[in-house]
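Structure record follows, encoded as structure tokens.
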Amino acid sequence: MRSPVDLSGAAWRKSSHSTGDANTCIEVATNIPAVVAVRDSVDPTGPALVFSPTTWKTFTDKLKNGELHPND
């Protein structure tokens, strides 16, 4: 079992692609070694998803290229 990642020192920033609607914003932290953390800005004390930098880049590249669709 993997140990949880300590995100207490995470420097969160709002995604530049988040809309003005406060219910659809995410925050990303890239200052923790070897991980990219993502959380809902509406619930900053809630859970966060943690990705490897390679997995995060693959995911965001697929979004940018239109390869992922919300209803798939």
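Restricting attention to region 29-60, which residues are surrounded by fewer than 11 Cβ atoms within 10 Å (Cβ to Cβ), of a type outside the set (Ser, Thr, Tyr) and more than 16 Å from ALA11 (Cβ to Cβ)?
The answer is ASP43, GLY46, PRO47.
Conditions tested, residue by residue: (1) out of contact with any Ser or Thr (no Cβ under 8 Å at 6 or more places or on another chain); (2) modelled with pLDDT of 95 or more.
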position	(1), (2)
LYS14	no, no
ASP21	yes, no
THR24	no, no
ALA29	yes, yes
PRO33	yes, no
VAL36	no, yes
ASP40	yes, no
THR55	yes, yes
ASP61	yes, no
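The values are calculated or read from the model by the stated rules, or taken from the named source; none is laboratory data. Since we're looking at a predicted model, the values are computed, not measured. Every residue, glycine among them, receives a Cβ derived from its backbone with ideal geometry; neighbour counts consider all protein chains shown.
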